[in-house]
Amino acid sequence: MIQNYLKLALRNLGKNRLFAGLNILGLALSMSVGLLVLLLFRDAYRYDQFHPARERIYRINTEALRKDGDSERYASTPFPVGEALAEGFTQTEEMTRLRRDFNGEARSNGKLLPLEGLYADPAFFHVFGFSLQEGNVATALTQPMTVVLTQETADRFFPRESAIGKTLEISGYGAFQVTGVLNKFPGKTHLEFEALASASSIPALEQSGSISNASNNWTNYYGTHTFVRLREGASAAEAEEALTAIAKTAYDGKVLESRDAGYRFYLHPLSEITPGPNLSNDMGRGLPEFLLWLLAILSGVIMLSACFNYTNLTLARALTRAREIGVRKVMGATRRQLVGQLLGEGVLTALLALGLGWGLMKLIQPGFNSLSFTESTDLSIQEDTFSVLLFLVFAVTVGLIAGALPALAISRISPVSVLQKLENLRFFKHMGLRKTLLVAQFAVTLVFIVLVTVISQQISYLMHLGYGFNSAQILNVPLQGQSPDKVIPAFSAVPGVMRISCVSHNMGTWEDSSSDIRCAPDAEQEAVRDYFVDQHFVENMGLEFVAGGNFPANAQPNRESFLVVNEKFVDHFKLGSPVEAVGKQITIGDSTQVRVCGVLKDFIFKPASYELEPMMLRNNPAQWQILQVKIAAGDPVPTLTALNRAWSSVVPERPMESEFYDQTLRENWAALQDILAIISVFAFLGIFIASLGLLGMATYQVETRMKEVGLRKVLGASGRDLVLLLSRRFMILLGIAVVIATPLGWLLGGQFLQMFAHHFEMGPGVLLPGILLLLGVSALTIGSQTYRATRSNPVDSLRNE
């Protein structure tokens, strides 16, 4: 029976080559992105599969409850939380903590290389199942000032020799002895590190001031990741109840951060971390969960559009198959057999499309891999035997979905009425099924195009947004731990360097810093964003004072005494006019007393998604991290070359890093540009696939109405009359699609713009490009067939009458 189904399916595809080709091409285009999304999902869910008893491992997360009613979830916790749970909850089998502070430059074996690591305790190996190539897991992290390296890190520092017993001099932390080298990880893990330092090193480093004091700090919930493995049969809900009790006791009477009203701790299963929700201080380089599901939804929409095509074109050809179905029923074929045959045709079409779709996927994969968010992820798409089976299952499923409606509809044909038209099949009360599907296709496509228009216009708006500071011709050079006094003299001697200033982090970016302040002794503390700058910063950035002036030239470098604020700061804290605010005393933190020496005209210092907020410029050389080098206009290459030479003369052990400020600001929106590129691809696929379906429908209509067209031409109908006759129904359907999609696209575009405090104002121009493109493509598609009909010789079509 299956052999007969296959023969009939191949015969029908061969008889209707145009429609078969349109179906295969449409399904192949949609399946190309579907196959890529399948591989992305498979790769994303490979994380943390090798850890033993992973179903009992949980990370403790923090939910910070803000005073304004909002909350923010963190993948980190205060350092003491894990120990408190392990001691107070007997169903905890193991607990381990990972602290982030172990980062810097490591010197050993004549090499100076950057190192990113974590502090960990010996339980780390038991909880996560990592093994050592060299060393003993029982003792490797027991002693202070010891470190375990990954295999790759050990090879960087000690190629072709054992790392055990060697010493790494970590900048700012001291000398660590290597006590272990990890085996290559048996799978993908969200844990990111190049080295593990012993947690027993933390007390001495805290006491020396090398790292901040977090061991007994319940308000620092930023730097520690805490994991627990519960005993078999232990209840996660009971563990969370214990965490609630711990939080209630720990924070009773404790002074919290100025923005916080309290904290809640909860368990996050290891299997749901990557991919998982977007959390602050998260770890791992897997694709974000929201992006995976966005791609899945978009590809699903395109797949449905291609299935709509198949359904539409198959139903359009139903009349030509009515006699076949009727005769087969008269000969004894059951409806079940007919459904099987028609479903088989759908599956065969999908399988043929699978080969073409796989080839198209290989073409689009490099473009996807070049997107900014994929370059920063640990993406390793693999095609193996399981992938092939997955693709085949996917193709069969698509074929069954595409063929289901035509199979059910056509198999209902009665032998008595083999000439009935299936246009009478109703999906909505006043609209046939094929018309409904066609309207849905074009409505979805138009929504895609509107979103592309909105996002592209917003990106253009952001790129040309005047921040209020001058970023042109400014080169950002990270100090990489070097003293500004060491680098600035060398840079100042370079021809083409106009001015140099220092800053803690770049304005206009997502980089962030804030401090709690009080403007009156009895006022509550409030967090305000701050930047640490030098006296040249305001001039270098082209900022404007409305009152007061810059930091005094005789300000003590080791004692912070003055503050520059913006107009929003003055207004928010009700300090009077800008002139009146100059000289006001502000308390930063618990005891740092400073006076306002200047008020700057408001400007945008955060990305455009932020509202304008109070802001402080502070003068503390210890916080300077970046040199902002203003260079002369013209060809920057000679100046850049000279700056690199100057850097090498004072910092020979590492290369200079630099980036023009304008490029730094553009990179703020790299992810948004990636989303635009993705939606643009889907919009193109949507309109192309819809056009294929429209072409098939128009071709079929012309074929079935050729005698009518010939008769009308003989009776004197003009070409214009015939074009209107053949295209009127389609244009009405497109008009309905526009009416449906326009408010939906407007609503979604408006919701997108609400993400930005600064955005362009939507107008009719947002909708017009999509409508004109849709109508233009449709007119060309329909017009090509109607023109062919109007140019035909009526004698040919009327010869058999």
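Out of all the residues in segment 252-261, is one or more among the hydroxyl-bearing types (Ser, Thr, Tyr), within 30 Å of residue 293 (Cα to Cα) and open to solvent by less than 20 Å² (accessible area, probe 1.4 Å)? Within segment 252-261 (the criterion being among the hydroxyl-bearing types (Ser, Thr, Tyr), within 30 Å of residue 293 (Cα to Cα) and open to solvent by less than 20 Å² (accessible area, probe 1.4 Å)), the answer is no, since none of the residues qualifies.
Here's the yes/no breakdown for (1) at pLDDT below 95; (2) over 30 Å from residue 759 (Cα atoms); (3) outside any strand (DSSP E or B):
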{"site": "574", "(1), (2), (3)": "yes, no, yes"}
{"site": "583", "(1), (2), (3)": "yes, yes, yes"}
{"site": "586", "(1), (2), (3)": "yes, yes, no"}
{"site": "594", "(1), (2), (3)": "yes, yes, no"}
{"site": "617", "(1), (2), (3)": "no, no, no"}
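Each residue in segment 66-99 was checked for being at positive phi and crowded, with 20+ Cβ neighbours inside 10 Å, and 0 of them qualify.
Taken together, 342, 363 contain a single residue that is surrounded by 14 or more Cβ atoms within 10 Å (Cβ to Cβ) and either on the phi < 0 side of the Ramachandran plot or touching a helix residue (DSSP H, G or I) at 6+ places or on another chain (Cβ under 8 Å) (or both), which is 342.
Screening segment 483-542 for strands (runs of 3 or more DSSP E) wholly inside it with 2 or more residues that are touching a Cys at 6+ places or on another chain (Cβ under 9 Å) and either over 17 Å from residue 596 (Cα atoms) or not polar (S, T, N, Q) (or both) returns the ranges 526-532. Within segment 291-314, the presence of a residue that is surrounded by fewer than 20 Cβ atoms within 10 Å (Cβ to Cβ) and either in contact with a Ser or Thr (Cβ under 7 Å, 6 or more places away or on another chain) or charged (D, E, K, R) (or both) is excluded.
To keep it simple, each residue is scored yes or no on (1) closer than 14 Å to residue 246 by Cβ; (2) part of a loop (DSSP other than H, G, I, E, B); (3) touching a Phe, Trp or Tyr at 6+ places or on another chain (Cβ under 8 Å).
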{"position": "60", "(1), (2), (3)": "yes, no, yes"}
{"position": "69", "(1), (2), (3)": "no, yes, no"}
{"position": "83", "(1), (2), (3)": "yes, no, no"}
{"position": "86", "(1), (2), (3)": "yes, no, no"}
{"position": "93", "(1), (2), (3)": "no, no, no"}
{"position": "97", "(1), (2), (3)": "no, no, yes"}
{"position": "107", "(1), (2), (3)": "no, no, no"}
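Do we have residue 180 as under 29 Å from residue 379 (Cα atoms), small (Gly, Ala, Ser) and under 31 Å from the mean Cα position of the chain (by Cα) here? No: the conditions fail for residue 180.
I'm checking my understanding of the structure. Among residues of segment 149-163 that are touching a helix residue (DSSP H, G or I) at 6+ places or on another chain (Cβ under 9 Å) and of a type outside the set (Ser, Thr, Tyr), which one is surrounded by the most Cβ atoms within 10 Å (Cβ to Cβ)? So the residue we want is 149.
Taken together, 680, 648, 691, 718 contain a single residue that is of a type in the set (Gly, Ala, Ser), closer than 30 Å to residue 782 by Cα and modelled with pLDDT of 85 or more, which is 680. Looking only at residues in segment 230-265 that are small (Gly, Ala, Ser) and in a strand (DSSP E or B), which one is nearest to residue 94 (Cα to Cα)? Ranking the candidates gives 262 first. Taking the stated definitions as given, is residue 24 of a type outside the set (Phe, Trp, Tyr) and over 26 Å from the mean Cα position of the chain (by Cα)? So residue 24 fits the description; yes. For segment 166-173, the criterion of being open to solvent by less than 30 Å² (accessible area, probe 1.4 Å), in contact with a Gly (Cβ under 9 Å, 6 or more places away or on another chain) and over 27 Å from residue 51 (Cα atoms) is met by at least one residue. Suppose the filter is at pLDDT below 90 and among the hydrophobic types (A, V, I, L, M, F, W, C); does residue 98 pass it? Taking the combined requirement at face value, the residue does not satisfy it. In segment 563-593, of all residues being surrounded by fewer than 19 Cβ atoms within 10 Å (Cβ to Cβ) and closer than 20 Å to residue 534 by Cα, the one that is farthest from the chain's Cα centre (by Cα) corresponds to 583.
Residue-by-condition table, conditions (1) modelled with pLDDT of 90 or more; (2) among the polar types (S, T, N, Q); (3) out of contact with any strand residue (DSSP E or B) (no Cβ under 8 Å at 6 or more places or on another chain); (4) open to solvent by less than 50 Å² (accessible area, probe 1.4 Å):
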{"residue": "1", "(1), (2), (3), (4)": "no, no, yes, no"}
{"residue": "13", "(1), (2), (3), (4)": "no, no, yes, yes"}
{"residue": "16", "(1), (2), (3), (4)": "no, yes, yes, yes"}
{"residue": "29", "(1), (2), (3), (4)": "no, no, yes, yes"}
{"residue": "39", "(1), (2), (3), (4)": "no, no, yes, yes"}
{"residue": "61", "(1), (2), (3), (4)": "yes, yes, no, yes"}
{"residue": "64", "(1), (2), (3), (4)": "yes, no, no, yes"}
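Residues that are surrounded by fewer than 17 Cβ atoms within 10 Å (Cβ to Cβ) and either under 21 Å from residue 537 (Cβ atoms) or not charged (D, E, K, R) (or both) within segment 643-655 comprise 644, 648, 649, 650, 652, 655, listed in sequence order. Of all residue pairs spaced 6 or more apart or on separate chains, those with beta-carbon atoms under 6 Å, a first member in segment 373-391 that is farther than 17 Å from residue 32 by Cα and a second member that is among the charged types (D, E, K, R) and in a loop (DSSP other than H, G, I, E, B) are 377/285; 378/285. Here residue 492 does not qualify as open to solvent by less than 30 Å² (accessible area, probe 1.4 Å) and in contact with a strand residue (DSSP E or B) (Cβ under 7 Å, 6 or more places away or on another chain).
The single residue among 193, 227 that is part of a strand (DSSP E or B), in contact (Cβ under 8 Å) with a residue 60 or more places away in the chain and among the aromatic types (Phe, Trp, Tyr) turns out to be 227. Looking only at segment 509-529, which residues are of a type in the set (A, V, I, L, M), crowded, with 16+ Cβ neighbours inside 10 Å and closer than 30 Å to residue 670 by Cβ? The answer is 528, and nothing else. Of the helices (runs of 4 or more DSSP H) lying entirely inside segment 366-477, those containing at least 3 residues that are at pLDDT 80 or above and not polar (S, T, N, Q) are 385-410, 433-463. Given the conditions (1) among the hydrophobic types (A, V, I, L, M, F, W, C); (2) within 20 Å of residue 569 (Cα to Cα); (3) in contact with a strand residue (DSSP E or B) (Cβ under 9 Å, 6 or more places away or on another chain), report the number of the one that residue 502 does not fulfil. Going through the list (1) among the hydrophobic types (A, V, I, L, M, F, W, C); (2) within 20 Å of residue 569 (Cα to Cα); (3) in contact with a strand residue (DSSP E or B) (Cβ under 9 Å, 6 or more places away or on another chain), residue 502 breaks only (2). Note on segment 535-561: residues that are within 19 Å of residue 602 (Cα to Cα) and open to solvent by less than 70 Å² (accessible area, probe 1.4 Å) amount to 14.
Among the conditions (1) in a helix (DSSP H, G or I); (2) without any contact (Cβ under 8 Å) to a residue 12 or more places away in the chain; (3) of a type outside the set (Lys, Arg), residue 655 misses just one, which is (1). None of 197, 204 is out of contact with any helix residue (DSSP H, G or I) (no Cβ under 7 Å at 6 or more places or on another chain) and open to solvent by 40 Å² or more (accessible area, probe 1.4 Å) except 204.
Return a yes/no flag: does segment 102-119 have any residue that is of a type outside the set (Lys, Arg), touching a helix residue (DSSP H, G or I) at 6+ places or on another chain (Cβ under 7 Å) and closer than 27 Å to residue 277 by Cα. Scanning segment 102-119 turns up at least one residue that is of a type outside the set (Lys, Arg), touching a helix residue (DSSP H, G or I) at 6+ places or on another chain (Cβ under 7 Å) and closer than 27 Å to residue 277 by Cα.
The values are calculated or read from the model by the stated rules, or taken from the named source; none is laboratory data. For clarity, every value in this text was computed on a predicted model and none was experimentally measured. Cβ atoms come from the backbone with ideal geometry, glycine included; neighbour counts cover every protein chain shown. When the accessible area is computed, the model is the full protein with side chains, heavy atoms only, and any ligands, DNA or RNA have been set aside. Shrake-Rupley method; radii C 1.70, N 1.55, O 1.52, S 1.80 Å.
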